[in-house]
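The values are calculated or read from the model by the stated rules, or taken from the named source; none is laboratory data. Given the structure is predicted, the values throughout are model-derived calculations rather than measurements. Glycine gets a Cβ as well: all are built from the backbone with ideal geometry, and neighbour counts include every protein chain shown. We work out accessible area using only protein heavy atoms, side chains counted, and drop any ligands, DNA or RNA first. Shrake-Rupley method; radii C 1.70, N 1.55, O 1.52, S 1.80 Å.
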Amino acid sequence: MKRSLLVLMVAAMMTIGSFGSASAGKIVLGVPGAHSGDLASYGLPTVEAAKLVVKSINESGGVNGEQVVLSLQDDQCKPEFATNAAMKLLSDQVNVVLGHICSGPTKAALPIYKESNLVCMSPSATSPSLTLSGDYPNFFRTIASDDAQGALAAMFAIEKLGLKKPAIIHDKGDYGKGFAEYTMKYIKEKGVEPVLFEGVTPGAVDYSAVVQKIKASGADGVIFGGYHPEASKVVSQMRKKKMTIPFLSDDGVKAQTFIDIAGDAAEGVYATGPQDITGNPMYKVSLKQYKDSHYGAEPGAFYFEAYSAALALLKAIEYAKSTDYDKIVEALRTNEVETPVGKIKFDAKGDAIGVGFSVYQVKNGEYVEVK
Amino acid sequence: MEYFLELFFSGLTRGSIYALIALGYTMVYGIIELINFAHGEIYMIGAFVGLVVAGILTSFGFPAASIIVLASIAAIIYAAAYGYTIEKIAYRPLRGAPRLSPLISAIGMSIFLQNYVMLSQTSDFLSFPNLIPEFNFLGKYESMVGSSDFVIIVVAAVVMVALNLFIKFTRMGKAMRATAQNRKMAMLVGINVDQVISATFVIGSALAAVGGVLIASHIGQINFFIGFIAGIKAFTAAVLGGIGSVPGAMLGGLILGWTESFCTGYVSSDYEDVFAFALLVLILIFRPSGLLGKAPIQKV
């Protein structure tokens, strides 16, 4: 009795083990990420997305006539496991990698893929340095990086609002100051020098001195990094002083509560915020696919980004008609793919173009997307 | 020069608010040598009452000028009742206790009131209507002193003059000064000390409530936590001017407001608090009793 149970268990373990290894198909999609541990809820939706994409592509004839198989590797979002996972993927002879999930493990595994000429695309690693540093030409992602908001704000401020002398104010916090610093960096890259870069104290009784300073600096627009309580104080004191210059802020301000608090002063305020993807045709397809195969449950974190990444990778192989590294990279940069997060291709640094943030403006008491 | 004046008035507005709240700290300390840490919460409660009353009056269509007066009066009454009650239940039973006990009781009261308002109202920020009607009497210099800055400065000035007159010339004022000098002797000459202490709390709370309504209307938002930072700043102002001294609280408030305002204007608002508290440390090094704090003869 005991021995048969043991045999059964060994058999079961071997089945699970052999599931991940690639032997039958020609194209191997490696999926490393947090599949167990406390961050598994970030990694498992990516596995589901990869399975669903591969299933539907295989059913419609595969990629360039070849079937796609998956190779799953768990890194628990730990950098030290990520290098192991990467080595295992290499021994499975993967053609492309969908992952990793967290920024730290991604950074740890990327040099290994780079040496073996493997494209790696993450659905969820947002650390700006992954693409901005230029160290990893083989890295791509379908999620907007933390600095993308700043880049968008800078672009919008200079090209759409035509600001020549912006004042940049932040709340000294990690999030608000980070946004302000990235925005300033991009504004300077465009050859515009901010006239003011300063932090205000959250919760202070009164911001009129800062507002006077903005006024005295001759700023033609204010860019604010932070959350809505401070933003509403600054903007309402500006409006009280009859300053009508544009006010642009981040997704910490793109909330109805900001409009409720700031009242009339909120009218005309610009804010960047996550793009609305629910209108995309592929969004609906991928959502339906998930619900059909999961008894109507909602997909978890980064499901749509992972679905988009899997599609982008496999379509790039299809477009390149090859699994050659250079050709895949070329295809990712030139070929537009219809995905749940929109119609995307990738820029030279590896960030998806067309993903991320939109600019909204308060009109008649609600945020409306600025086209 | 215009920029200097703008910052001057901006600091004056802020300083007036600090001074209004600081008076409560300094008076209570002057009389019973207790730092009433729940005082910032009284200011916050005053602002909340102002919001509720203003909301009700607005829905009945009262004119703007009457709303701010009625909302302030309601806030004063309500906050005064709170001040009176807090003294009764949290400090009076501990009057003979070691000095640390009422201090801890005050901190407890402060946390209790914050949480009470958070649970009974909301932890979100709430929009406060602009109760001070817009008017322009300075023409192109309006940006220096807006209508709400003007009202705050004038109200604070009037209140302070009135308070000084009250302390100097009324019976209760004399009793307060006497109690501050020596509580036992005051009792012996027939002053009802309990009544004097209650009056001190009531007056201090009323002033904080006025400050609360004015500043909430000035910046347009409140939540349950605003009393904490305002309280710390006002307490700093009171210590700066010499805790226990009424003119000291006013001077301390204004100096603190100007320090912050000029520092923001000429250095950076990043260092606003750094300069404010560096000033406090410097003054305490060279004048440990504060700017106007003297030997404890005239504490009120």
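Surface composition of segment A:233-371: carbon and sulfur make up 51 percent of the accessible area, probe 1.4 Å.
No disulfide-compatible partner, judged by a Cβ distance under 4.7 Å, exists for the following cysteines of chain A: A:Cys120. Measuring heavy-atom accessible area with a 1.4 angstrom probe and counting protein chains only, the residues of segment B:211-230 that give up at least 30 Å² relative to the chain alone are B:His218, B:Ile219, B:Gln221, B:Ile229. Taken over chain A, the convex hull of the Cα atoms encloses 164 Å³ per residue. Of the two radii for segment A:186-332, the radius of gyration is 1.17 times the Kirkwood radius, both from the alpha carbons; that is the Rg over Rh value. Close amide-amide hydrogen proximity is noted between A:Ala125 and no other residue 5 or more places distant or on a separate chain, at a cut-off under 5 Å (H modeled in the peptide plane; Pro and chain starts excluded). Each part gets one Cα centre, and for segment A:230-277 versus segment A:113-164 those centres are 26 Å apart.
Database remark: amide H of A:Ser249 closer than 5 angstrom to the amide H of A:Phe224, A:Tyr270, A:Ala271, A:Thr272 (H placed geometrically; neighbours at sequence offset of 5 or more, or on other chains; Pro and chain starts carry no H). In segment A:305-344, inverting the average of 1/r over every pair of distinct C-alpha atoms gives 9.8 Å as the Kirkwood radius. Structural size metrics of the protein assembly as shown, computed from C-alpha coordinates, are Rg and Dmax of 32.1, 107 Å.
Across all directions, the average flat footprint of the convex hull enclosing the Cα atoms of segment A:33-95 is 4.4 nm².
Taking only the alpha carbons of segment A:244-307, we obtain Rg and Dmax values of 17.3, 53 Å in that order. So what is the relative contact order of chain B, in percent, for Cα pairs below 8 Å that sit 6 or more residues apart? It rounds to 37 percent for chain B. Per residue, the accessible area of segment B:173-278 comes to 32 Å², computed with a 1.4 Å probe over protein heavy atoms only.
Mean separation of Cα pairs under 8 Å and 6 or more residues apart, divided by the residue count, gives segment B:45-150 a relative contact order of 28 percent. Looking at chain B, the pairs of alpha carbons with a distance over 23 Å make up 55% of the total.
In terms of accessible area, using a 1.4 Å probe and ignoring ligands and nucleic acids, A:Met238, A:Met282, B:Met185, B:Met1 rank largest first as B:Met1, B:Met185, A:Met282, A:Met238.
Residues whose amide H lies under 5 Å from that of A:Gly199, counting only those 5 or more places away or on a different chain, are A:His170, B:Ser269, B:Asp270; hydrogens are built 1.01 Å from N in the peptide plane. Helix B:2-32 and the long axis of chain B differ in direction by around 20°, with both axes built from C-alpha atoms. 3J(HN,Hα) along segment B:178-195, derived from phi through the Karplus expression 6.51 cos²θ - 1.76 cosθ + 1.60 where θ = phi - 60°, amounts to 5, 4, 5, 5, 7, 5, 5, 4, 4, 4, 5, 8, x, 7, 6, 5, 4, 5 Hz, with x in place of Gly and Pro.
Computed from phi, the 3J(HN,Hα) profile of segment B:269-275 under the Karplus parametrisation 6.51, -1.76, 1.60 (θ = phi - 60°) reads 5, 4, 9, 3, 5, 4, 5 Hz, with x in place of Gly and Pro. The convex hull built on the alpha-carbon positions of segment B:209-283 has an orientation-averaged projected area of 5.5 nm². For segment A:279-362, would you read off the P(r) tail past 16 Å as a percentage of all alpha carbon pairs? Counting pairs separated by more than 16 Å, the tail of P(r) holds 56 percent. Antiparallel beta bridges, as assigned by DSSP with both residues in the protein assembly as shown, represent about 35 percent of the total such bridges. Considering all different alpha carbon pairs of segment B:38-167, the Kirkwood hydrodynamic radius works out to 17.2 Å. For segment B:70-225, carbon and sulfur atoms together expose 68% of the accessible surface, with a 1.4 angstrom probe and every protein chain in place. Taking a ≥ b ≥ c as the square roots of the eigenvalues of the Cα gyration tensor, segment A:95-146 is prolate, since a/c reaches 1.5 or more and a/b is larger than b/c. Ranked from largest to smallest solvent-accessible area, with a 1.4 Å probe on the protein heavy atoms, A:Lys233, B:Lys140 come out as B:Lys140, A:Lys233. Association of chains B and A removes close to 2500 square angstrom of accessible area from solvent, both sides included, for a probe radius of 1.4 Å. Surface analysis of chain A yields an accessible area of 42 Å² per residue, using protein heavy atoms and a 1.4 Å probe. Once the whole set of protein chains is in place, how much accessible area is left on A:Phe302, using a 1.4 Å probe, in Å² to the nearest 10? In the full protein context, A:Phe302 sits at about 60 Å².
Along the charge dipole of chain B, pointing to its positive end and built from +1/-1 on Cβ of Lys, Arg, Asp and Glu, which listed residue (B:Val145, B:Ala278, B:His39) has its Cα farthest out? The listed residue farthest towards the positive side: B:His39. Taking A:Ala86, A:Ala219, A:Ala231 as the candidate residues, the one with maximal mean-square fluctuation in a Gaussian network model of chain A, Cα springs under 10 Å, is A:Ala219.
In whole angstrom, segment A:191-241 maps to an equivalent ellipsoid with semi-axes of 18, 13, 10, each derived as √(5λ) from the alpha carbon gyration tensor and ordered largest first. Remark: for residue pairs A:Lys288/A:Lys321; A:Lys160/A:Lys185; A:Lys165/A:Lys185; A:Lys288/A:Lys371, the C-alpha separation exceeds 24 Å in A:Lys288/A:Lys321; A:Lys288/A:Lys371. Annotation: B:His218 carries an accessible surface of approximately 10 Å², with a 1.4 Å probe and no ligand, DNA or RNA atoms counted.
When chain A is treated as a Gaussian network with alpha carbon springs shorter than 10 Å, the biggest mean-square fluctuation among A:Leu29, A:Leu161, A:Leu287 belongs to A:Leu161.
The translational diffusion coefficient of segment A:64-197, from Stokes-Einstein at 10 °C and 1.306 mPa s with a Kirkwood hydrodynamic radius over alpha carbon pairs, comes to 94 µm²/s. Excluding same-chain neighbours fewer than eight residues apart, the lysines reachable from A:Lys240 by a Cα-Cα span under 17 Å are A:Lys213, A:Lys215, B:Lys140. Within the straight-line cut-off of under 15 Å between alpha carbons, the aspartates and glutamates reachable from A:Lys241 are A:Asp206, A:Asp220, A:Asp264, B:Glu2, B:Glu6, B:Glu134, B:Glu142, B:Asp149, sequence neighbours fewer than 8 places apart in one chain being disregarded. Percent of Cα pairs in segment B:157-253 per distance bin of 5 Å, from zero to the largest separation: 3, 11, 17, 23, 19, 13, 8, 4, 2, 0. Bridge orientation summary for segment A:19-172: considering DSSP beta bridges with both residues in this region, about 5 percent are antiparallel.
For chain B, a Gaussian network of Cα nodes joined below 10 Å ranks B:Val189, B:Val274, B:Val158 by mean-square fluctuation, and the top entry is B:Val189. Here the spin labels are modelled as points 7 Å beyond Cα on the Cα-Cβ line, and at B:Ile104 and B:Ala157 they lie 4.6 nm apart. Interface residues of segment A:191-239, defined as a loss of at least 50 Å² in heavy-atom accessible area between the chain alone and the complex of all protein chains with a 1.4 Å probe, are A:Thr201, A:Val205, A:Asp206, A:Ala209, A:Gln212, A:Lys213, A:Lys233. Backbone phi angles across segment A:159-172, fed through the Karplus curve with coefficients 6.51, -1.76 and 1.60 (θ = phi - 60°), yield HN-Hα couplings of 7, 8, 8, x, 6, 10, 9, x, 9, 10, 10, 9, 9, 6 Hz in residue order; Gly and Pro are listed as x.
Seen against the Cα atoms of chain B and their longest principal axis, helix B:246-266 is set at about 40 degrees.
Note: relative contact order over chain A, using C-alpha pairs below 8 Å and six or more positions apart, is 16 percent.
Divide the volume of the convex hull around the Cα atoms of segment B:99-186 by the residue count and you get 200 Å³ per residue. May I ask which of A:Lys78/A:Lys177; A:Lys51/A:Lys291; A:Lys327/A:Lys349; A:Lys78/A:Lys254 have a Cα-Cα span longer than 22 Å here? From the list (A:Lys78/A:Lys177; A:Lys51/A:Lys291; A:Lys327/A:Lys349; A:Lys78/A:Lys254), the Cα-Cα distance tops 22 Å for A:Lys78/A:Lys177; A:Lys78/A:Lys254. Ordering A:Leu39, A:Tyr325, B:Gly204 by the projection of their Cα atoms onto the charge dipole of the protein assembly as shown, which places +1 on the Cβ of Lys and Arg and -1 on the Cβ of Asp and Glu, puts B:Gly204 at the extreme positive end.
If you sort the three axes of the alpha carbon gyration tensor as a ≥ b ≥ c, you get a/c of 1.5 or more for segment B:1-74 and a/b no higher than b/c, which makes it oblate.
Compared with the dominant principal axis of the Cα atoms in chain B, helix B:100-120 is inclined by about 40°.
Accessible surface of A:Ile317, taken over heavy atoms with a 1.4 Å probe and every protein chain present, rounds to 0 Å².
Both the radius of gyration and Dmax for segment A:150-238 are 12.1, 36 Å, in that order, over alpha-carbon atoms.
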